[in-house]
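Bear in mind that the values in this text are calculations on the coordinates, not laboratory data. This is a predicted model, so every value here is computed, not measured. Cβ sites come from the backbone with ideal geometry, for glycine too, and all protein chains shown count toward neighbours.
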């Protein structure tokens, strides 16, 4: 990093409620579905004991299990007022819209929650704290606004130094193909195997789960590489391996810069390539997703000139397939790429964990 | 673009002095050399009639011609006080340091200039207007602070729509290899040939010359593609071709994200590859610059999956070679790549202009 940028580390966890003991109400109005409110879905998956209610009046009354196929009895309720009956201490704005702007209904819910004495967490590009009314209300009520997508101060240009331990980065065929989920499943699998793994959260959802990280897609463009380098370096402290959550996709006309910038800054030892087998095009764009083996080659060459980074495994998101079709998709992905493949959520992350262990042995 | 991002266009020219009639004093203390103060050097080259003095006490008294080999009798003076004798109306902070932070001496000079009634222009990542003392002084004295690297409001994610006319983008083996200069020389050559060319400035120096543009390396990382798309779309208005100034390099561990993001957002019809033949490694990094033909292939594949973009010509910066060596370097670059090559500053841009015309015919 630039010497001037020495202060730029991961964001600190800002809430007065300890991580693991939060009582979150999550707003996911109209979009609490597997590919809908990403932040809500991932918090239900990885911080389920901390979720007291999800708000989506189009589904209520229901449960997370019914809406997503997991999450058990977490209630889906129709309003913040109903959620308040569950005793939350935090309202989370649970959507992650393209462009990251807050809807007026979300702003109104934030104000209502603040009046009820709740802290509010948001992953939007637009910050709660920059909204005069929201921030005045929070000050008056003495609650914390957690803008999880606010980059830490003092980031700089990457040094190209690399990390002190192997880094495995999840990359994808598109946004929302399971990069965060695959990274978390691999990380948890490594921890269970006794490996000192560090999870490097690069997006708002991962940061809300882990409590810390750097929202790399929100930093100044010149500092993408520096942010990735710093995130990895800090996560690597006393760890044997870092699992770096990737962002965007090299196929994505809007987000390719973030993806490439992270790769160039982090120089991972290997990738886990994430894909949803039923997706044929980048969502919202006229860009076909090539066959997995070809996509793997594109990623392996993505930083050519800086380093050649192998894809070490494939993680599929088969949530929209039947069991048989899902198994077939995993087998086909493995056959086509010659790599270990898994749907880590559906069938377990063991093949991916093994691929990471092998990468660590080779590094 | 996102519908929410509709407001995000190129920056407006902010000074009350018309473009072309500015009287600029340029601060380049200790670094007024061909590869030193990039903003100063490029303003002397492309807005020479508007430069009344350059401040560099390590060279003064001197002239631009003696310091750079061009720029004629523009005086190089030792201090702002001496520069004031030339009747400037603007002080330009003429350096472009890595990381873009303002030195305390530059801040002091800005304050001194403001007290003398000058407007101040800066291309730093750190904004003049965010400095309480500088901005209070400017208000009090009624002068304008031009933070040329401040992105316009309302940028969003790119739509992938592409531009209404062919776009040729300059790309490089590293930073500061002549991408801005090659773009400007090609643009001026096209204008002279009667082609309605638009110059799309993506960096602070180009913006100071052209008066408008988008500093793509300073936008929110998620919006790099959207910024490039918007810059190109707006520049394309009533133009037959857009010459897009590139940023960074796909070889650069820090800036590769900006380069890739611009390519993915702009989807140019072709590249002009810029290189300084004596440079063997990316400056400040352990990254060798591959042979030009291989580098051209890397660029051609850089957006593979989104589009295959040909390199249509090579622009060399041979400022540090003798005439014979420069001619040999140009001939070698052309031979190795099979493409037209030129040092547009030294030998004229005709081969590059012809390559762009050919690209327009093919598009």
Quantify how strongly other chains surround peptide A:260-273 by giving the mean number of their Cβ atoms within 10 Å of each of its Cβ atoms. 4
Restricting to chain B, compute how many DSSP beta bridges are antiparallel as a %, nearest 5. 10 percent
With a/c under 1.5 counting as rounded, go ahead and sort segment A:179-283 into rounded, prolate or oblate using the C-alpha gyration tensor (a ≥ b ≥ c being the square roots of the eigenvalues; past the cut-off, prolate if a/b is larger than b/c, else oblate). oblate
Shielding by other protein chains, B:286-295, mean Cβ within 10 Å: 2
FRET efficiency (residue B:133, residue A:363; Cβ distance; R0 56 Å; to 0.05) is 0.65
Counting only C-alpha contacts under 8 Å and six or more residues apart, can you give the relative contact order of chain B as a whole percent? 15 percent
If you line up the Cα atoms of segment A:121-232 on their principal axes, what length do they span on each, largest first, in Å? 47, 32, 27
Which percent, to the nearest 5, of DSSP beta bridges fully inside the protein assembly as shown are antiparallel? 10 percent
Evaluate the distance, in nm, between pseudo-label points positioned 7 Å from the Cα of residue A:70 and of residue B:126 along their respective Cα→Cβ axes. 4.6 nm
If you stretched the chain out fully between residue A:195 and residue A:286, how much longer would it get, using 0.36 nm times the residue separation minus the C-alpha to C-alpha distance? 28.6 nm
Segment B:291-342: C-alpha gyration tensor shape, a/c 1.5 cut-off, then a/b vs b/c: prolate
Highest mean first, how do B:81-90, B:262-271, A:159-168 rank when packing is the count of other Cβ atoms within 10 Å averaged over residues? B:262-271, A:159-168, B:81-90
Choose one answer from A:194, A:94, A:72: the residue with the largest mean-square fluctuation in a GNM of chain A with alpha-carbon springs under 10 Å. A:194
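Quick one: length gained pulling residue A:238 to residue A:331 fully straight, 0.36 nm per residue minus the C-alpha distance?
Roughly 29.9 nm would be gained on extension.
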Any chance you could check the Cα centroid distance between segment A:151-187 and segment B:164-198 for me, in angstrom? 35 Å
Helix B:256-266 versus the longest principal axis of chain B: what is the Cα-based angle in degrees, 0 to 90, to the nearest 10? 70 degrees
Quantify how strongly other chains surround peptide B:211-223 by giving the mean number of their Cβ atoms within 10 Å of each of its Cβ atoms. 6
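Which translational diffusion coefficient, to the nearest whole µm²/s, is obtained for segment B:17-143 from the Stokes-Einstein equation, given a Kirkwood hydrodynamic radius over C-alpha pairs, 4 °C and 1.567 mPa s?
Reported coefficient: 91 µm²/s.
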Antiparallel DSSP beta bridges within segment B:3-127, as percent of all bridges there, nearest 5: 15 percent
Take chain B, connect every pair of alpha-carbon atoms lying under 10 Å apart with a spring to form a Gaussian network, then pick out the residue of B:58, B:39, B:259 with the largest mean-square fluctuation. B:58
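Once you have the Kirkwood Rh of the protein assembly as shown from its Cα pairs, apply Stokes-Einstein at 37 °C and 0.692 mPa s and quote D in µm²/s.
It comes out at roughly 123 µm²/s.
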Expressed in µm² per second, the diffusion coefficient of segment A:167-362 from the Stokes-Einstein equation, with Rh the Kirkwood radius over alpha carbon pairs, at 10 °C and 1.306 mPa s, is 97 µm²/s
Ratio of alpha-carbon Rg to the 2.2 N^0.38 Å globular estimate for segment B:248-352, to two decimals, please. 1.07
What does the highest-first list of A:182-189, B:342-349, B:213-220 look like by mean Cβ count within 10 Å? B:213-220, A:182-189, B:342-349
If you rotate chain A onto chain B, whose Cβ in A ends up lying nearest the axis, and how many Å away is it? A:260, 2
Taking only Cα atoms, what is the 0 to 90° angle, nearest 10, from helix B:350-362's long axis to the longest principal axis of chain B? 60 degrees
Rank these for me by crowding, B:363, A:249, B:197, going from fewest to most other beta carbons within 10 Å. B:363, B:197, A:249
Cα coordinate range in chain B, projected on the principal axes (Å, largest first): 54, 54, 43
If each of residue A:105 and residue A:294 carries a label point 7 Å out from its Cα toward its Cβ, how far apart are those two points in nm? 4.0 nm
Among B:134, B:54, B:287, residue whose mean-square fluctuation peaks in a GNM of chain B (springs only between Cα atoms under 10 Å): B:287
For every helix of n ≥ 4 consecutive DSSP H residues, a contribution of -39,500 (n - 2.57) applies; sum these over chain B, divide by its total residues, and give [θ] at 222 nm rounded to the nearest 500 deg cm²/dmol. -10000 deg cm²/dmol
